[in-house]
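The values are calculated or read from the model by the stated rules, or taken from the named source; none is laboratory data. Nothing here was measured: the structure is a model prediction, and the numbers come from that model. Ideal geometry is used to build each Cβ from the backbone, glycine not excepted, and the neighbour counts take in all protein chains shown. Note: accessible area is taken over every heavy atom of the protein model, side chains too, but ligands, DNA and RNA are not part of it. Shrake-Rupley method; radii C 1.70, N 1.55, O 1.52, S 1.80 Å.
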Amino acid sequence: MLKRTAILLMVIILLVAFVGCNTKDATTDKPTDAPKETTKATDNTTKDTMDNPEYINFMTPWELPQEILDKFKDETGIEVKQDVVPNSGQDYRQARNARMAAGSELDVIGADGADVPDFASNGTVVELTDEPWMSNFTPATLEKFSAISQSPGKQFWTVYEALTVGVWYNKDMFAEYNIEKPTTYDEFLAACDTLKANGITPLVQGGKDQWPLDQEFSMFMNPLQMYNVNFFPDLMSGKVKFTDPDIVKLAERLQILYPSNGYYVAGILSTSYDQAWQLMLQKKAAMWFMGSWGSEVMVKSNVEADFEIGAFGIPSSNAGQDGFTPHFLSRNFGVLATSEKIDAGKQFLGFMAQPDIAKIYADNGMTISTVDGVVSETMIAGDDWKAIFARTPVPEPNILDPNGKVYTTPEFGKQKLGLLALIAAGDLTTEEFCTELQKSIDLDIENWK
Amino acid sequence: MQKLRKITAPYMLILPAFILYTSIMFIPALENIRISFTNWDGLSQTYDYISYHNYAQIMKDQDFWNAIFVTFKIVILVILIQQTFGILLAVILEKNTRKNVFLRSLFFIPCLLNTVVVGLIFSYALNVNFGILNNFFNNIGLQKLASIDWLGDARYASWAIVMTIVWQYSGYSSLLYLGALKDIPKELYESCELDGASPWQRFWKITFPLISPALTLNCLITLIGTIRLFDIPFVLTNGGPAKATQTIAMLLYRDTFHYRNAGRGAANATILMAIIIVFSVIQTWYLRKREVNM
C-alpha cells in the first residue's frame, strides 16, 4: 500500500513538474500534414513601457563606441548595456535568437538579412515611422529602410552606415607591377594574372566563416539583379532558371575560386574573416573581396599596414558596361516589441541619429554615414569608397510574390554558401553549382506552394 | 511507525535525485519530443502541430545523412585511437615512480581545459599559413606536409578534429585504465612469467581481458560524448570545409537557432537521443559479454 502511495506521489510530482514546465499558450492541437502560418506573437501597440529605466539591454554583432554610450548616459541617465556577439549571420544570430526564445531581457537588437523584413512583418520589432528623429536620415536612406523591411512607407529599423561590397587591395603591389585599378571583370582577371605571373597570390578570403564567400558570389549575383529587378519572382515562377545557359556562363566568374587556378592563398576554407586580413598584412595576397565594413577588422587588428590600402568596386560589369555596385543597409537596429523599455529604446536609436553622435559613429567605424550632412574623415581608403558609392546602385531586388508576400528561399539560403565552399574545395564545377542552386530553388518553390 | 519508516526510507532517499533528474532531464526530453511535432520557430508564443512533417523533412535532407556519416566516422576513429592511446599510456605509466606521477598529471591536464579554448588553440596550431605544425614541417624540409590545409581540406579536417579530441581526453581514459590495472593481481603476471610468456602475451592474455570493464566504461563515455560532439568542430572548422565536419549536434543547433526552426531542431535532437540510447545499449551489451571477472 505504502509502496503504491510513494509511487503515486512520484507520478503526481512528475505530472505537476511537467505541467509547470509547459508555459506555452494554447495551441492548435489538431495534427496537420503541413506547417501552417503562425499567428502574430504580440500586439506591440498596446505594450506598456517603463517610464524611467536605469538601463536598457542592447545586443548587437556590431559594437558601438563606448563614447556614444557614455554620452547617452550623461544626457538621459540611461545606461546602455551593450552585449556584442560577432558574426551577424551566424554566431550572433544564433545567440540572439536563443536569448529571445528564452525570454531574456532584451530591448534593442541588431539584425540583418532575412530577419529584417521578417521581424518587421511579424511584429517582433516596433514601428519607428512617426519618430521625429527619422527625418535626420537622408531621404534615400529612408526609402531604403522601407525597402529592406518590404514595408512601403514604413520604417522599423535604423541604420547609421551605408555599406557596399568591393575589393580591398595593396596599392604598393599594384604600383610595383603597373596594374591599374580594375573597373570591369576582364580587367580584374587580367590584374590577377599579372600578379600571379609575378609570384604574388592575388586573393585571400576567410571562407571558414562562410559568409565572406558571399562577396565573390555578388560578382555573379549583382548583374542578374542589376538587369532584372524581378529576378527572384522570375526564379520562383520558373521563368528564369539558374541552369539557363547565360546564367551558367556568368557563373564561370566563380571559377576564380577553383584551387587549381591558384588565385587564392592556401587555406581559403580554414581561414577566418579576421585571419584573412592578417594574411593581407603579411603581404601573402594583394586583394581581398570584402565590403566597406572591412575597415573594422583592420582597426581591431592593432597593426598598421606597411603599405597603402586602396579599394575598388566589385568587378561585376563586363567591358563596355558602366560599373555598378549594390548599396545596402545591413546593420539594422530595432526595438523589440517584447521590451518593457520601448520608449528608452527608441530614445537611444534617436540619440544615435543626432548628427554629432552620427559623426562619432562614422569616424569610429570609418564608414559612410546615413545621417544627412555627416561625413567621416577617418575612413580607410575613404576616397576610393566614395567613388564606389558614386557608381550606379544595383536596384533593391523585388522579393514579393504576386500577393505582396515576401518570398522566402530558405533552401537556397542554406545551400548557397556550402556550394560556394565546395567550389573553393575543388569539389564542384560552376556548372554543377548552378544545377545545385536550381535544385535548392526548386525545393523552395515546392515548399512555397 | 518503524515499519513505515523502513519502507519509505529508500524512496525518500532517492526522491531529491529523482525530482532533480526528472525536472532537468526527463521532462525537457519529453518536451523536446513534443516540440518536434510542431512548427515552432523558437520565438513565437504560438505554433501548430504538424504531425511527423519535421521527421519526414529530416529524412529527405542530404545534410542530415551527411551529418550522420560525419558523426559516426568521428565516433569510430575517436573510440579506436583514444582507447589505444589510453591503454598505452596507462601501461607505460603504471609504476608509481615520481616521473610517472608527473607525466600522468601532465597528460590529464588537457581534459581540464575548456573545449572552446582547446578548439581555438588547435585552430591556430593547425592553420596552413601560420600554424605551428605546418611551420615545423616547413622548417624540417617536409614541404608536402607543410602545404596540407589540415582544417580546410575535407580529407584531413575530420582527422584534425579526431586528433584534437584524442589529445584532450586520452589522459582521462588512461586514468580509468590505470585504476583497472592496479586491480590486477601481481601473482598472475608472476606465474605467467614462470611459464615463459612474452610481454606481448602477458598483455594480450592477462592485462587486456582484465581491464575490459574499464574498456566498457571508457568506450561508453567516449561514445556518448562524441555522438553529441559540437564544440570542437564548431570552433575548429565551423562544420566545414563544405560540411565535411558538420555533426548531428551542429545540425540541430543550426536548424534551431540559425534557421529559427525549433521544431525541426527538436526532431533532430530526438533522433540524436534515440541514436545515443540505441548505440549505448548495443555497445554496453556487447562489451559486457566480453568482460572477464576475477
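Annotations
- Among the numbered conditions (1) among the polar types (S, T, N, Q); (2) over 22 Å from the mean Cα position of the chain (by Cα); (3) farther than 30 Å from B:Asn32 by Cβ; (4) open to solvent by 40 Å² or more (accessible area, probe 1.4 Å), the only one that B:Ser105 does not meet is (2).
- The range B:5-32, residues that are within 19 Å of B:Leu272 (Cβ to Cβ) and open to solvent by 60 Å² or more (accessible area, probe 1.4 Å): B:Ile24, B:Met25, B:Phe26, B:Leu30
- Among the residues of the range A:391-425, none is identified as at pLDDT 90 or above and either surrounded by fewer than 19 Cβ atoms within 10 Å (Cβ to Cβ) or touching a Cys at 6+ places or on another chain (Cβ under 8 Å) (or both).
- Sole residue being open to solvent by 50 Å² or more (accessible area, probe 1.4 Å), away from chain A (no Cβ under 14 Å) and outside any loop (DSSP other than H, G, I, E, B), chosen from B:Val91, B:Val75: B:Val91
- Condition met for A:Ala353 (open to solvent by 40 Å² or more (accessible area, probe 1.4 Å), at pLDDT 80 or above and away from chain B (no Cβ under 14 Å)): no
- If the condition is being part of a helix (DSSP H, G or I) and either under 21 Å from the mean Cα position of the chain (by Cα) or among the polar types (S, T, N, Q) (or both), then the range B:123-152 contributes B:Ser123, B:Asn134, B:Asn135, B:Asn138, B:Asn139, B:Gln143.
- Residue ID - nearest to A:Leu417 (Cα to Cα), chosen from residues in the range A:99-132 that are part of a helix (DSSP H, G or I) and either acidic (Asp, Glu) or open to solvent by less than 30 Å² (accessible area, probe 1.4 Å) (or both): A:Asp115
- Selection status of A:Ile388, open to solvent by less than 40 Å² (accessible area, probe 1.4 Å) and assigned by TED's automatic domain parsing to the domain that holds A:Asn228: no
- With respect to (1) within 12 Å of chain A (Cβ to nearest Cβ); (2) buried (at least 17 other Cβ atoms within 10 Å of the Cβ); (3) assigned to a helix (DSSP H, G or I), the lone exception for B:Arg155 is condition (2).
- In the range B:227-258, the residues that are open to solvent by less than 10 Å² (accessible area, probe 1.4 Å) and of a type outside the set (A, V, I, L, M): B:Pro233, B:Thr237, B:Gly239, B:Gly240, B:Pro241, B:Thr245, B:Thr247, B:Asp255
- Note on the range B:180-223: residues that are of a type in the set (Gly, Ala, Ser), within 20 Å of B:Lys95 (Cα to Cα) and open to solvent by 40 Å² or more (accessible area, probe 1.4 Å) amount to 2.
- Given (1) without any contact (Cβ under 8 Å) to a residue 24 or more places away in the chain; (2) open to solvent by 20 Å² or more (accessible area, probe 1.4 Å), number of the condition B:Thr115 does not satisfy: (1)
- Search result, residues across the range A:389-443 that are assigned to a helix (DSSP H, G or I) and of a type in the set (Gly, Ala, Ser): A:Gly413, A:Gly418, A:Ala421, A:Ala424, A:Ala425, A:Ser440
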